[in-house]
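These notes concern the structure reproduced below.
Every read-out reported here was derived from the displayed coordinates using simple, explicitly stated rules and does not represent laboratory data. These figures come from a predicted structure and were not determined experimentally. Methodologically, a virtual Cβ is constructed for each residue, glycine included, from the backbone with ideal geometry; neighbour enumeration extends over all protein chains shown.
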Amino acid sequence: NAKGMGRNNYQVYQAVSEESNQQRIALESNLRKAEDNGELRVYYQPQIDVESEDIVGMEALVRWEHPELGMISPGFFIPLAEETGLIVGIGEWVLRTACADAYAWQQRYGLRLRVGVNLSAVQLRQKSLPKMVADALSSSGLDPSSLELEVTESISVKSVTNLMENLDALHEIGCQIAIDDFGTGHASLDYLRRLPARRIKIDQSFVRNIGVDPDDEAIVKATIDMAHSLKRDVVAEGVEIEPHLRFLREHHCDEVQGYLFCRPLPAQAFDRMMAERQRLFGRRIESDAIG
Ligand code: C2E
Ligand code: MG
Ligand code: MG
Ligand code: MG
């Protein structure tokens with residue numbers, strides 16, 4: 001993610017790397033205990049169908065509520081978690097939590113809500129990944145088709161052992177695969193052709209420049225057209241203002257996600273928002289209900 005948040009994340013991380021070794025070790029040992037101490041949170045950001053304006057899914061985004069430092073964003077601690085291998089346990093916890101929450105909301109609101117969970121390259125290397133995902137699904141009760149695994153485009157097929165095998169196995173289980181941060185990596189076309197991905201997520205660094213930079217607008221439009229030609233759906237990330245949405249609607253983008261609609265919310269707040277929507281638009285939500 002060279003253009004967007006990736007660079008900021010890298011800068012933050014580099015700052016951490018340059019801190020004294022002691023501080024680093026302290027943060028690492030804090031992170032090691034974060035899950036057991038109940039300091040990890042999963043936030044949810046709704047994904048909206050452009051045509052119907054219904055909430056069709058949500059992305060699970062992890063946060064760390066550090067007792068002294070407060071809420072820490074994933075851009076800051078995921079790199080540390082990846083470097084130390086802690087991401088395997090954290091990622092599994094996020095996945096299990098997201099499946100359980102999604103299942104509860106499907107039951108409560110009678111919707112076919114989809115939940116997107118980000119996977120790290122470290123997790124994608126693990127031979128045991130498909131089995132872990134299958135287990136998380138069966139213990140939560142969530143239908144595999146309601147789980148979407150987000151794989152960032154910057155992960156290269158060549159450098160990640162087991163990547164293709166794992167993605168094929170996850171696809172076999174019935175999960176959906178999305179290519180995240182699309183447009184920021186090097187292997188866009190190769191990725192689209194080879195991965196069993198149902199959906200691509202246009203990176204926010206392009207969406208942000210709608211109405212600002214005609215080149216980025218052209219990239220967004222071309223990406224949507226190409227994805228549709230290959231029978232993939234498109235989600236635009238980082239939709240912040242009305243003109244972004246107007247452009248995306250005009251160019252037939254399928255779904256949007258961003259601050260214009262909603263920031264990522266803690267589970268309880270997401271639940272309240274869904275309840276409020278059902279109260280206001282009950283009819284419309286019913287027309288979408290399962291069974
Ligand atoms: P991502 O998967 O591309 O997630 C989208 C990011 O964009 C989120 O940042 C979200 O809060 C932010 N965002 C959403 N709408 C807007 C908007 O309108 N404007 C702007 N400027 N930003 C918006 P967040 O939550 O800080 O996460 C950052 C990255 O950390 C994620 O990027 C993802 O790569 C990673 N991440 C988050 N949760 C997990 C996780 O559970 N596991 C792994 N491996 N990575 C995660
Ligand atoms: Mg994502
Ligand atoms: Mg993204
Ligand atoms: Mg991103």
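The sole residue among Leu61, Leu111, Leu95, Leu31 that is assigned to a loop (DSSP other than H, G, I, E, B), surrounded by 15 or more Cβ atoms within 10 Å (Cβ to Cβ) and touching a residue at least 12 places away in the same chain (Cβ under 8 Å) is Leu111. Condition check for Phe182 on (1) surrounded by fewer than 21 Cβ atoms within 10 Å (Cβ to Cβ); (2) free of Cβ contacts under 8 Å to residues at least 60 places away in the same chain: one failure, at (1). Being under 18 Å from Ile177 (Cβ atoms) and either surrounded by 12 or more Cβ atoms within 10 Å (Cβ to Cβ) or touching a helix residue (DSSP H, G or I) at 6+ places or on another chain (Cβ under 9 Å) (or both) is the filter here, so list the residues in region 212-235 that pass it. Passing the criteria: Thr223, Met226, Ala227, His228, Leu230, Arg232, Asp233, Val234, Val235. Within region 163-186, the set of residues being within 16 Å of ligand 3 (Cβ to nearest atom) and not β-branched (Val, Ile, Thr) comprises Gln176, Ala178, Asp180, Asp181, Phe182, Gly183, Gly185. Residue check: is Ala269 among the small types (Gly, Ala, Ser) and either touching a Gly at 6+ places or on another chain (Cβ under 8 Å) or touching a residue at least 12 places away in the same chain (Cβ under 8 Å) (or both)? It is false that Ala269 is among the small types (Gly, Ala, Ser) and either touching a Gly at 6+ places or on another chain (Cβ under 8 Å) or touching a residue at least 12 places away in the same chain (Cβ under 8 Å) (or both). Looking only at region 125-162, residues that are within 16 Å of ligand 3 (Cβ to nearest atom) and more than 15 Å from Ala98 (Cβ to Cβ) come to 5 in all.
Restricting attention to region 123-134, the residues that are surrounded by 19 or more Cβ atoms within 10 Å (Cβ to Cβ) and hydrophobic (A, V, I, L, M, F, W, C) add up to 3. Filtering region 60-113 to residues that are touching a Pro at 6+ places or on another chain (Cβ under 8 Å) and either more than 19 Å from Pro266 (Cα to Cα) or of a type in the set (Lys, Arg) (or both) leaves only Arg63.
Looking only at residues of region 98-108 that are of a type outside the set (A, V, I, L, M) and free of Cβ contacts under 8 Å to residues at least 60 places away in the same chain, we find that the one that is farthest from Pro79 (Cα to Cα) is Gln107.
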